[in-house]
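Chemist: Here it is, the structure, as structure tokens.
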Amino acid sequence: MQEPQAPAILRIPPLCLPFEKLSSWRRSHKGQLVGRIAAVVFSIAVTAGIILLRQHIRGFAVYGYPGIFLVSLIGNATLLLPAPTYAIVFAVGGVMNPILVGIVAGLGAALGETTGYLAGVGGRGMVENRAIYVQLEYWMRRAGWLVILALGAIPNPFFDVGGMVAGALRMPFYRFLLAAWAGKTIRFIALGFTGEFFLGS
């Protein structure tokens, strides 16, 4: 004789669960949007400040290596705009140690290029339709930080775009910073020795 079976319990999924997931997604999406907007605003604000104070930047170089660091940091924080860093490194290379000048200026430049990286994190659409952006993205997906190192070491006008690509691709910040420092240091050491050759006693 079979025992009577207990009536099946009808399990109704909680109706609030989809709404909780949607709310969580919205919070996450809003957080990412706010972070991206803040990164772009910060980059633009730094660039605008440097443009307004550009006449005072050159004066930092008279303070030795700390001055060179500040000039390089501020000069390389501009987005897609020229800066006095190269002329100053060339000039002080004739009176100071070119290797130390290159290392210090390279560190300042790498930290200054953070604005480009942040602009890429927060506003990928700013330049992604340009041919150079597409080409750099193609290379960076295959060679990663080596592209940043090459852009830093070889004189070219595209490092800012490379920084934006690195930020858009979410390259780890420490990797971007070290590659930029190494590349910029190579370039500035060469520039410092050039200044020593032409201007040194």
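What follows draws every value from the coordinates through simple rules; no lab data is involved. Keep in mind it's a predicted model, so treat the numbers as computed, not measured. We place every Cβ from the backbone using ideal geometry, glycine too, and count neighbours over all the protein chains shown.
Chemist: Which order do Phe69, Phe197 fall in if you start with the one that has the fewest other Cβ atoms within 10 Å?
Modeler: Numbers: Phe69 22, Phe197 11.
By the 10 Å Cβ count, ascending, the order reads Phe197, Phe69.
Chemist: Ok, one more. Regarding segment 93-167, what whole-number volume in Å³ per residue does the convex hull of its Cα atoms give?
Modeler: Details: hull volume 6.5 nm³, N = 75.
Each residue corresponds to 87 Å³ of Cα convex hull volume.
Chemist: Then there's this: Using label points projected 7 Å from each Cα along Cα→Cβ, tell me how many nm separate Ile154 and Thr194, to one decimal.
Modeler: Distance between label points: 1.6 nm.
Chemist: Could you give the length gained on full extension between Ile99 and Leu146, defined as 0.36 nm per residue of separation minus the Cα-Cα distance, in nm?
Modeler: Numbers: separation 47, 0.36 × 47 = 16.92 nm, distance 2.20 nm.
That pair, Ile99 and Leu146, stretches by 14.7 nm at full extension.
Chemist: To make sure I understand, if each residue's beta carbon is the centre and we count other beta carbons within 10 Å, what order do Met171, Met164 fall in, fewest to most? Display every interim value, and only then the final one.
Modeler: Values: Met171 22, Met164 29.
Lowest to highest Cβ neighbour count: Met171, Met164.
Chemist: Can you find, among Leu107, Gly162, Thr194, the residue farthest towards the positive end of the dipole of segment 97-195? Put +1 on the C-beta of Lys and Arg, -1 on that of Asp and Glu.
Modeler: Selected residue: Gly162.
Chemist: Semi-axes of the equivalent ellipsoid of segment 134-201: what are they in whole Å, largest first, if each equals the square root of 5 times a C-alpha gyration tensor eigenvalue? Spell out each step's value before the answer.
Modeler: Details: eigenvalues 151, 26, 13 Å².
Semi-axes from the Cα gyration tensor: 27, 11, 8 Å.
Chemist: Just to verify a number: FRET efficiency for Tyr63 and Ala131, C-beta to C-beta distance, R0 = 45 Å, to 0.05?
Modeler: On the way: r = 41 Å, r/R0 = 0.92.
Efficiency at R0 = 45 Å is approximately 0.60.
Chemist: Given +1 on the Cβ of Lys and Arg, -1 on the Cβ of Asp and Glu, and no further charges, what dipole in debye does segment 92-201 carry about its Cα centre, rounded to the nearest 20? Each step should come with its number before you reach the end.
Modeler: Working: 8 positive and 5 negative charges, 64 e Å.
The calculated dipole for segment 92-201 is roughly 300 debye.
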